[in-house]
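Have a look at the structure below before the remarks.
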Amino acid sequence: MLLGGIRGLVLGPVMPHIGTMSNNSFQVITVTDAANARLAEIRKANPDALGIRIGVKNGGCAGMEYTVDLVKEPVSGEDKVETDAGTIWVAPQAVLFLLGTQLDFEVTKLRAGFVFNNPNQTSACGCGESVELTPAQMTPEMLQARSGPAA
C-alpha cells in the first residue's frame, strides 16, 4: 500500500515534529518525526506530489474513517502544516474532527501506517479502521489565531 495503513488511536505523547504553521499562529495537527519521515519517503517515491491531505469520511462500523491522499495540486484555503519533508493539508470538512490530532507513523509485525492520535475520537471498531469522532469546539481565541492577526 502506497501510503501505508491508517489507524486511529488515543495514545500517550510522542515527540512532535516542529513544522511551520500555515499562518504562523494556528496549527490543526502536529506531526511526529516518524510521520515526517514517512512523508519524505512518499514524496521520494512520488516526485510530483507536494505532500498529503488528511481527512475523514463516513464509513465503517464505527461511523467514520480517516483518509490520506497524495496532493499534486493544493486547494486554496486549506489548513496546512509545512515540514521539511513536505506539506500536510487538512481537508476543510475535517478540521473540527482533527483539531488537536497528532499524526504519527508506526511499523509493527502486522501493519505499517499512519496513526491518528486524536483527542476528538470517542471510540473505534475492533479492527481500528473506523472511528467515532466528536467535532472539537473552537474557542474565540482559536478562531482569532486561525484567521491571523487583527488588522
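Full extension of the chain between LYS57 and ASP84 yields a length gain of 6.9 nm, computed as 0.36 nm times the residue separation minus the alpha carbon distance.
Between VAL75 and ALA45, the simple label model (points 7 Å from Cα in the Cβ direction) yields a spacing of 2.4 nm. Per-residue extension of 0.36 nm, minus the Cα-Cα distance of GLN137 and LYS109, leaves a gain of 6.4 nm for this segment.
Each value in this text was obtained by applying a stated rule to the coordinates, not by laboratory testing. The structure displayed is predicted, hence computed values, not measured ones. Positions of Cβ are generated from backbone atoms using ideal geometry, with glycine treated the same way; all protein chains shown enter the neighbour counts.
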